[in-house]
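Read the structure below first, then the notes.
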Amino acid sequence: MPELPEVENTRQYLLRSGLAGQRLGAPEITWAKTVREPSVGEFIEGVAGRTVTDVQRRGKYLIAPLDDGQYLVLHLGMTGSLRIHDAGREPPPMLRHLFPLDDGRELRFIDPRKFGHLWLLTDPADAMSKMGPEPLEPTFTIGALTESLAARKAPAKALLLEQSVIAGLGNLYADEALFLSGIHPERTANTLSDDELSGLHRAIVTALTRSVAAYAAARDAEWPDPPTALSPWTIPRAAGEGCPRCATTVEMIRVRGRSSWYCPACQPKDVT
DNA sequence: AGTACGTCCTGATCGC
DNA sequence: TGCGATCAGGACGTAC
């Protein structure tokens, strides 16, 4: 599902498609609950006629500054994706919203499960002030990770999903980072050793960096319709599959209601 | 405050 | 073959 690498891929796709510089027409919103702020009417009125000046990303949020100082903010939820196509082209199934562009194309918001959301904000930085560090920027340090986990008794897996701890991780990359660092998903966060914390920090950066690169290569190879989803992780997510490191059959448990795949040999629950 | 869990959604898949 | 039940999980609201 859209996590940091997928959202970053979307950002790069939108920029390369020339969204910046385009003036938006009145958006067609077919699922009103998608708009979180302001009202749907104010959102449509506020977006119409404005020009997009850039596409930025914070965690899993896409932020498009507009030429009047406001910001169009998008979250893809679990199944959302964005495409820019000619207005005449057959609309895809599950098209939920569209933003007409002044060059005859349109920005399409496709979202089967309707978990994506839209905002029109004057101060997105304030709205996102509780979000944790960007894992691919220098602010994400071992010290920052240690500090945010030190007093927590929840399972490590659950905390990796909290956007206030790290911005941009989701269920799949959380599992991947735990696998790469050899940490069982149910390990209590405040029992992680210094070595485990530094290994987890490195694993998060490695997993995300690897995936961002995989998307970049796919964009180049498959332009102008690059994939919105790859599977650029190493821990298998299917019953009966073997660990890529030791061939032990991987297992799945539920942590906070989320499926968590791990290798019982490489990620022991009890560390001595 | 920290932790845990239900809720929103619908296409795909599973079991009888 | 068909149909109901289950699963998937990001972020938030609520409860303890």
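The values are calculated or read from the model by the stated rules, or taken from the named source; none is laboratory data. This structure is a prediction, so every number in the text was calculated from the model and none was measured. Backbone-built Cβ (ideal geometry, glycine too); neighbour counts: all protein chains shown.
Kindly provide the set of residues from region A:129-159 that are among the hydroxyl-bearing types (Ser, Thr, Tyr) and assigned to a helix (DSSP H, G or I), ordered by number.
Within region A:129-159, the first condition is being among the hydroxyl-bearing types (Ser, Thr, Tyr), and the residues that meet it are A:129, A:139, A:141, A:146, A:148.
Within region A:129-159, A:THR146, A:SER148 qualify.
Of all positions in region A:121-128, at least one carries a residue that is part of a strand (DSSP E or B) and either touching a residue at least 24 places away in the same chain (Cβ under 8 Å) or within 13 Å of DNA strand C (Cβ to nearest atom) (or both). Note on region A:1-114: enclosed strands (runs of 3 or more DSSP E) holding 3 or more residues that are within 16 Å of DNA strand C (Cβ to nearest atom) are A:35-37, A:56-58, A:61-65, A:71-75. Evaluation of A:ILE166 against the conditions (1) surrounded by fewer than 19 Cβ atoms within 10 Å (Cβ to Cβ); (2) free of Cβ contacts under 8 Å to residues at least 40 places away in the same chain shows that the sole unmet condition is (1). The number of residues in region A:257-272 being exposed (fewer than 15 other Cβ atoms within 10 Å of the Cβ), within 16 Å of DNA strand C (Cβ to nearest atom) and modelled with pLDDT of 90 or more comes to 1.
Checking each residue in region A:125-157 for being in contact with a Pro (Cβ under 9 Å, 6 or more places away or on another chain) and more than 11 Å from DNA strand B (Cβ to nearest atom) picks out A:THR139, A:PHE140, A:THR141, A:ALA144, A:LEU145.
The set of residues from region A:235-252 being within 16 Å of DNA strand C (Cβ to nearest atom) and surrounded by fewer than 16 Cβ atoms within 10 Å (Cβ to Cβ) comprises A:ALA238, A:ALA239, A:GLY240, A:GLU241, A:GLU251, A:MET252. Residues in region A:158-176 that are farther than 16 Å from A:MET1 by Cα and more than 10 Å from DNA strand B (Cβ to nearest atom): A:ILE166 only.
Within the set A:TYR13, A:TYR71, A:TYR61, the sole residue that is of a type in the set (Ser, Thr, Tyr), surrounded by 16 or more Cβ atoms within 10 Å (Cβ to Cβ) and within 21 Å of A:ASP225 (Cα to Cα) turns out to be A:TYR13.
What do you reckon, is A:PHE115 aromatic (Phe, Trp, Tyr), surrounded by 13 or more Cβ atoms within 10 Å (Cβ to Cβ) and at pLDDT below 95? Working first, answer last.
Details: aromatic (Phe, Trp, Tyr): yes; surrounded by 13 or more Cβ atoms within 10 Å (Cβ to Cβ): yes; at pLDDT below 95: yes.
Taking the combined requirement at face value, the residue satisfies it.
The single condition among (1) under 30 Å from A:LEU169 (Cβ atoms); (2) modelled with pLDDT of 95 or more that A:ARG36 does not satisfy is (2). A:PHE179 passes every criterion in (1) farther than 21 Å from A:CYS266 by Cα; (2) part of a helix (DSSP H, G or I); (3) among the aromatic types (Phe, Trp, Tyr) apart from (1).
Just to be sure, is A:TRP223 outside the structural domain of A:GLY77 (by TED's automatic domain parsing), touching a residue at least 24 places away in the same chain (Cβ under 8 Å), over 20 Å from the mean Cα position of the chain (by Cα) and within 30 Å of A:GLN12 (Cβ to Cβ)? Yes: the conditions hold for A:TRP223. Every condition in (1) touching a helix residue (DSSP H, G or I) at 6+ places or on another chain (Cβ under 6 Å); (2) closer than 28 Å to A:GLU251 by Cα; (3) crowded, with 20+ Cβ neighbours inside 10 Å is met by A:LEU192 except one, and the failing one is (1). Within region A:195-226, being surrounded by 17 or more Cβ atoms within 10 Å (Cβ to Cβ) and assigned to a loop (DSSP other than H, G, I, E, B) holds for one residue alone: A:PRO226. Test A:SER181 against the criterion of being within 22 Å of A:LEU14 (Cα to Cα), touching an Asp or Glu at 6+ places or on another chain (Cβ under 9 Å) and in the same structural domain as A:GLY257 (by TED's automatic domain parsing), and give yes or no. When the stated conditions are applied, A:SER181 does not pass them.
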